[in-house]
Amino acid sequence: MKERPVMTLPGVPMVLILLALLALCCWWLYVSVESMSSPVWPLLAGGIVGFCGMGFFIVQPNQAAVMQFFGKYVGSERHSGLRWANPFYTKKNVTLRVRNFESGRLKVNDSEGSPIEIAAVVVWQVQDAAEAVFNVDDYENFVQVQSEAALRQMATSYPYDLHEDHKIALRSHANEINEHLRNEVQERLSQAGLQVIEARVSHLAYAPEIAQAMLQRQQAAAIIAARTRIVEGAVTMVHMALEQLAKKDVVHLDEERKAAMVSNLLVVLCGERGTQPIVNTGTLYSG
């Protein structure tokens, strides 16, 4: 079921024509009464003109009127303003304006099985009025159900946080996640003649029952990452110091004095963070 245009007429000229016909019928009825002839035909003509007046309808901007003739789809009218069509046509207005749908907070499991809460905003509009009316029972409810189903499907495809064995995570790759969500929703809504303009995650958090534990894990990971950077920087600085001393021939150190010097420098650089290294026979241990 694809949308196709239907032949309609501008409403204002048709109003003038029907008013002129109605005036002519009134004059005919007056002449019939004056001549004592039967007024049936003038009344019948006036009834037909009045019935034709039922063919007027109004199309708002960014709106389409879907028309049926005794249950058969005949076409859609998108020209705004007052229009006139066959009075036997039934007309249903469908808005083509851009609309938003915001899902509730859904509780799902990510790809690692951790329960999370997620919600999304979907910006959509009707692209094919005929498909929206005839392919689904209620296209607005269809948007709601399919958007939430697509959101659940997308959330189970990625982990909440980025790990070494994953390249994309829900929390750290917003653009990729939103694009995946938009494609997922569009695939489901295309059969109803709907176009997804944008889809984005509006809420993302761990479920309350594991939020505290996950926060502690994130804090521990941050501390480990920070200490790793500190140690790496300290080792680099010590290596540069030894290279500069040897290059400029400032002092000559044997292995034992080098080890002592390395130990002292690392204590100075890393001591404030609680990562003092201990030097023992040339081997460094993190204390």
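The values are calculated or read from the model by the stated rules, or taken from the named source; none is laboratory data. Because the structure is predicted, anything quoted here is derived from the model rather than measured. Virtual Cβ from ideal backbone geometry, glycine too; neighbours counted across all protein chains shown. Accessible surface is based on the protein model in full, side chains and every heavy atom, while ligands, DNA and RNA are left aside. Shrake-Rupley method; radii C 1.70, N 1.55, O 1.52, S 1.80 Å.
How many of the residues in region 1-55 are among the hydroxyl-bearing types (Ser, Thr, Tyr) and part of a helix (DSSP H, G or I)? Going through region 1-55 one residue at a time, the tally reaches 2. Among the candidates Ala207, Ala120, the residue that is modelled with pLDDT under 95 and under 18 Å from Gly104 (Cβ atoms) is uniquely Ala207. Condition first: touching a Phe, Trp or Tyr at 6+ places or on another chain (Cβ under 8 Å) and either among the charged types (D, E, K, R) or assigned to a loop (DSSP other than H, G, I, E, B) (or both). Now tell me which residues in region 91-105 satisfy that. Residues satisfying the conditions are Lys91, Val98, Arg99. For region 8-19, the set of residues classified as out of contact with any His (no Cβ under 8 Å at 6 or more places or on another chain) and open to solvent by less than 60 Å² (accessible area, probe 1.4 Å) consists of Gly11, Met14, Val15, Leu18, listed by residue number.
Taking region 64-102 as the search range and keeping residues that are of a type in the set (S, T, N, Q) and under 17 Å from Asp138 (Cα atoms), which one is farthest from the chain's Cα centre (by Cα)?
Filtering first and then ranking leaves Asn93.
So for region 82-92 (the condition being under 30 Å from Val121 (Cα atoms) and in contact (Cβ under 8 Å) with a residue 60 or more places away in the chain), does at least one residue qualify? No, region 82-92 has no match at all. Screening His79 against (1) in a strand (DSSP E or B); (2) in contact (Cβ under 8 Å) with a residue 60 or more places away in the chain; (3) open to solvent by 30 Å² or more (accessible area, probe 1.4 Å) leaves a single unmet condition, (1).
For region 106-128, the set of residues classified as open to solvent by less than 40 Å² (accessible area, probe 1.4 Å), assigned to a loop (DSSP other than H, G, I, E, B) and either under 29 Å from Asn62 (Cα atoms) or in contact with a Cys (Cβ under 6 Å, 6 or more places away or on another chain) (or both) consists of Asp128 only. With respect to the conditions (1) at pLDDT 95 or above; (2) over 19 Å from Leu96 (Cα atoms); (3) not polar (S, T, N, Q), Ile168 lacks only one, and its number is (1).
Scanning region 129-179 for residues that are open to solvent by 40 Å² or more (accessible area, probe 1.4 Å), hydrophobic (A, V, I, L, M, F, W, C), under 22 Å from Pro115 (Cα atoms) and out of contact with any helix residue (DSSP H, G or I) (no Cβ under 7 Å at 6 or more places or on another chain) gives Val145, Leu162, Ala174.
Across region 20-30, which residue is most open to solvent (accessible area, probe 1.4 Å) among those that are of a type in the set (A, V, I, L, M) and within 60 Å of the chain's Cα centre (by Cα)? For region 20-30, the residue satisfying everything is Leu24. For region 114-131, the count of residues that are farther than 23 Å from Lys72 by Cβ and either out of contact with any strand residue (DSSP E or B) (no Cβ under 8 Å at 6 or more places or on another chain) or without any contact (Cβ under 8 Å) to a residue 12 or more places away in the chain (or both) is zero.
Condition check ((1) open to solvent by 80 Å² or more (accessible area, probe 1.4 Å); (2) on the phi > 0 side of the Ramachandran plot; (3) basic (Lys, Arg); (4) modelled with pLDDT under 90) across all residues:
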site: Ser32; (1), (2), (3), (4): no, no, no, yes
site: Val40; (1), (2), (3), (4): yes, no, no, yes
site: Phe51; (1), (2), (3), (4): no, no, no, no
site: Ile58; (1), (2), (3), (4): yes, no, no, no
site: Gln63; (1), (2), (3), (4): no, no, no, no
site: Gln68; (1), (2), (3), (4): no, no, no, no
